[in-house]
Amino acid sequence: MQEKYKMYINGNWVESSSNEYMDVIDPSTSNKISSVPKATIEDVDYAIDSAREAFDKGIWPNLPPSERSKILLKVADLIETKLKEYAINETLISGKTIKQSSNYDIPYIVDNIRYMAGAARIFEGLALKEYVPEGSSTIRRDPIGVVAVITPWNYPLMEVVWRAVAAIAVGNTVVVKPASLTPITTLMFAEDLEKAGLPKGVFNVVTGPGSTIGEYLAKHNKVDMIAFTGSTEVGRRLMELGSSTVKKVSLELGGKAPFIVFDDADIEAAVQGAVVGGLVNNGQDCANSTRYYIHEKVYEKFVNGLIDELKKVKIGDPLNAETDMGPLISASHRERVEGYIKKGIEEGGKLLYGGKRPVIEGHERGFYLQPTVIETENHKSAIVQEEIFGPVWTILKFSEYQEVIEKANDVIYGLGASIWTKDVARAMKATRDLRFATVWINEHVPVPSEMPWPSYKQSGSGASLSTYGLEEYTYIKHVYIDISGS
Ligand code: NAP
């Protein structure tokens, strides 16, 4: 990791015009590990103008898809050769375990890019046809223009890839604003895009606070689309900001995934699934399983099994290959999660396990929190209704199918859900009845690059990955050709 980074604008590595910097902290120690420029409005104007020029002059959108694809495939290769460096830096800035970043996040990102590079070469659709006798009609898919990509801290590089690579794969140009807590791997990625031969202006990175430069980007009249991944609260604000110029706004927001265990489920498998579903990314994943609806007949067995497994979770230095769980992202975020635990208990919940700050040798100032299990019957409690975004397993008992579906749907979110049962008919009925955009059966987490990551309700709009995630960054255009000659 470099001591200081520059931003990437118009193919140049630049400091902020104010010369100010922001610190980047290792959440496992709270030590400063690097710093990045604090962009000004002028820097953002420069980035938008560069992206505008690369788009409006047709430099990027008019390149054949095969040429764009070559560059993206090259960058995927570059990341693969530097997988360890990417994984270490991703872990250092976010606190996610090296096990996760090197075995999952970075290899998955490489696969995501390769998929997008290939899929962007094909758009299937209607064949040219005469819908009226006098004319032939066909459809074009055109890039939207300049896309402002604003990303969160929990999957720093993956979210840039899901949003910005999808956008550029189909001919858009982008200005990326990564989360202020985790900007480093986005800047590394810009370096590799440059090496892979991406023309200047296509991919620009500005680092700085969302409250100033994020807002400015989102309302700018030269930006055509906002692609945002983050909290539902900021998503609402971006919809407002985008409305002044009627921008397309694509949102991937918060989640509150139910995890439903029926009485015929393989309980050992469900317990393993619950540990992984709740623990992935140190409990800071939008699709984390968070609300565990357990059938009364298997309730005790599941809860005891879960607590036994959570006791085995190794909390520690995220760079140690044995560690299962690292720190939360920041001191304030840990306080927020602890606030939810306290509130959950005040609102009738019972603490069954965890809830404390473990002391990790050599990492005493890290933002650690134990995995925490709370049981509750209060469905209106904040721990059931709101996104905690931490390692908290909230357990609820149920007895009837209809009751559990209604409760599972009784939140503002609609991102992911899982059901655990051996009954195929019940599983298929539940996939229909659950108002969530991804439903896993006897699993909770995987999303192949070929499948969409969409959202229902206040979890957002649009999709990432798959061909739907590429279409997201295109307009459809009807082209009508007169064949009557009159
Ligand atoms: P966040 O607070 O909403 O911030 C996300 C990004 O928005 C950051 O870059 C932030 O910049 C910027 N931002 C903040 N306020 C802004 C404003 N007023 N205008 C423009 N930009 C602004 O979210 P987070 O805490 O980083 O991430 C956690 C959230 O992301 C969770 O809710 C999680 O569920 C969601 N998420 C969803 C998905 C999904 O696929 N649905 C995936 C990952 C994460 P600063 O960093 O400078 O504040």
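Summary table below
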read-out: Residue count, the stretch 226-241 (criterion: outside any helix (DSSP H, G or I) and near the ligand (Cβ under 7 Å from one of its atoms)); value: 4
read-out: In the stretch 209-220, residue most open to solvent (accessible area, probe 1.4 Å) [restricted to those that are in contact with a Ser or Thr (Cβ under 9 Å, 6 or more places away or on another chain) and more than 7 Å from the ligand (Cβ to nearest atom)]; value: Lys219
read-out: Test for Val249: is it open to solvent by 10 Å² or more (accessible area, probe 1.4 Å) and farther than 30 Å from Tyr293 by Cα; value: yes
read-out: Residues of the stretch 128-151 satisfying the condition of being among the hydroxyl-bearing types (Ser, Thr, Tyr) and more than 30 Å from Gly235 (Cα to Cα); value: Tyr131, Ser136, Ser137, Thr138
read-out: Check on Gly197, part of a loop (DSSP other than H, G, I, E, B), over 27 Å from Phe367 (Cβ atoms), open to solvent by less than 10 Å² (accessible area, probe 1.4 Å) and more than 13 Å from the ligand (Cβ to nearest atom); value: no
read-out: Output for the stretch 308-334, where each listed residue is touching a Ser or Thr at 6+ places or on another chain (Cβ under 8 Å) and open to solvent by less than 20 Å² (accessible area, probe 1.4 Å); value: Gly316, Pro318, Thr323, Met325, Gly326, Pro327, Ile329
read-out: Entirely in the stretch 314-409, the helices (runs of 4 or more DSSP H) that have 3 or more residues that are of a type in the set (A, V, I, L, M) and within 28 Å of Thr182 (Cα to Cα); value: 331-346
read-out: Looking only at the stretch 160-177, and only at residues there that are more than 6 Å from the ligand (Cβ to nearest atom) and farther than 18 Å from Lys70 by Cβ, the one that is most open to solvent (accessible area, probe 1.4 Å); value: Trp162
read-out: Of the criteria (1) surrounded by fewer than 24 Cβ atoms within 10 Å (Cβ to Cβ); (2) touching a residue at least 40 places away in the same chain (Cβ under 8 Å); (3) assigned to a helix (DSSP H, G or I), which one Ala265 fails; value: (3)
read-out: Flag for Pro183 being open to solvent by 10 Å² or more (accessible area, probe 1.4 Å), modelled with pLDDT of 95 or more and either near the ligand (Cβ under 9 Å from one of its atoms) or of a type in the set (Lys, Arg) (or both); value: no
read-out: Whichever residue in the stretch 413-427 is within 14 Å of the ligand (Cβ to nearest atom) and open to solvent by less than 10 Å² (accessible area, probe 1.4 Å) and, among such residues, is nearest to Asp263 (Cα to Cα); value: Ala417
read-out: Flag if Thr138 is in contact (Cβ under 8 Å) with a residue 24 or more places away in the chain, in contact with a strand residue (DSSP E or B) (Cβ under 6 Å, 6 or more places away or on another chain) and open to solvent by 10 Å² or more (accessible area, probe 1.4 Å); value: yes
read-out: Residues of the stretch 36-49 classified as more than 21 Å from Thr185 (Cβ to Cβ) and either open to solvent by 10 Å² or more (accessible area, probe 1.4 Å) or in a loop (DSSP other than H, G, I, E, B) (or both), total; value: 6
read-out: Near pairs, Cβ below 9 angstrom, 6+ apart or cross-chain, from the stretch 95-106 (farther than 14 Å from Leu157 by Cβ) to any residue that is in a helix (DSSP H, G or I) and open to solvent by 20 Å² or more (accessible area, probe 1.4 Å); value: Ile98/Ile88
read-out: Residues located in the stretch 427-446, provided they are touching a strand residue (DSSP E or B) at 6+ places or on another chain (Cβ under 8 Å) and in contact (Cβ under 8 Å) with a residue 40 or more places away in the chain; value: Ala430, Leu434, Phe436, Thr438, Asn442, Glu443, His444
read-out: Given (1) of a type outside the set (A, V, I, L, M); (2) part of a helix (DSSP H, G or I); (3) within 21 Å of Val447 (Cα to Cα); (4) within 10 Å of the ligand (Cβ to nearest atom), index of the condition Asp285 fails; value: (2)
read-out: Selected residue (only one of Pro143, Pro156 is crowded, with 22+ Cβ neighbours inside 10 Å, away from the ligand (no atom under 16 Å from the Cβ) and of a type outside the set (A, V, I, L, M)); value: Pro143
read-out: In the stretch 288-330, residue farthest from Gly390 (Cα to Cα) [restricted to those that are away from the ligand (no atom under 16 Å from the Cβ) and hydroxyl-bearing (Ser, Thr, Tyr)]; value: Tyr299
read-out: Options Val404, Val359, Val445, Val439; residue that is of a type in the set (Val, Ile, Thr) and open to solvent by less than 20 Å² (accessible area, probe 1.4 Å); value: Val404
read-out: Residue list for the stretch 448-486, filter: open to solvent by 60 Å² or more (accessible area, probe 1.4 Å) and either within 16 Å of the ligand (Cβ to nearest atom) or assigned to a helix (DSSP H, G or I) (or both); value: Pro448, Met451, Tyr456, Lys457, Gln458, Tyr468
read-out: Number of the condition not met by Val223 [criteria: (1) β-branched (Val, Ile, Thr); (2) buried (at least 18 other Cβ atoms within 10 Å of the Cβ); (3) within 9 Å of the ligand (Cβ to nearest atom)]; value: (3)
read-out: Pick from the stretch 289-307, criterion touching a residue at least 60 places away in the same chain (Cβ under 8 Å) and of a type in the set (S, T, N, Q), ranking: least open to solvent (accessible area, probe 1.4 Å); value: Ser289
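The values are calculated or read from the model by the stated rules, or taken from the named source; none is laboratory data. Here the structure is a predicted model, which means the values were calculated and not measured. So basically every Cβ, Gly included, is an ideal-geometry build from the backbone, and we count neighbours across all protein chains shown. Ligands, DNA and RNA are excluded from the accessible area calculation, which covers all protein heavy atoms including side chains. Shrake-Rupley method; radii C 1.70, N 1.55, O 1.52, S 1.80 Å.
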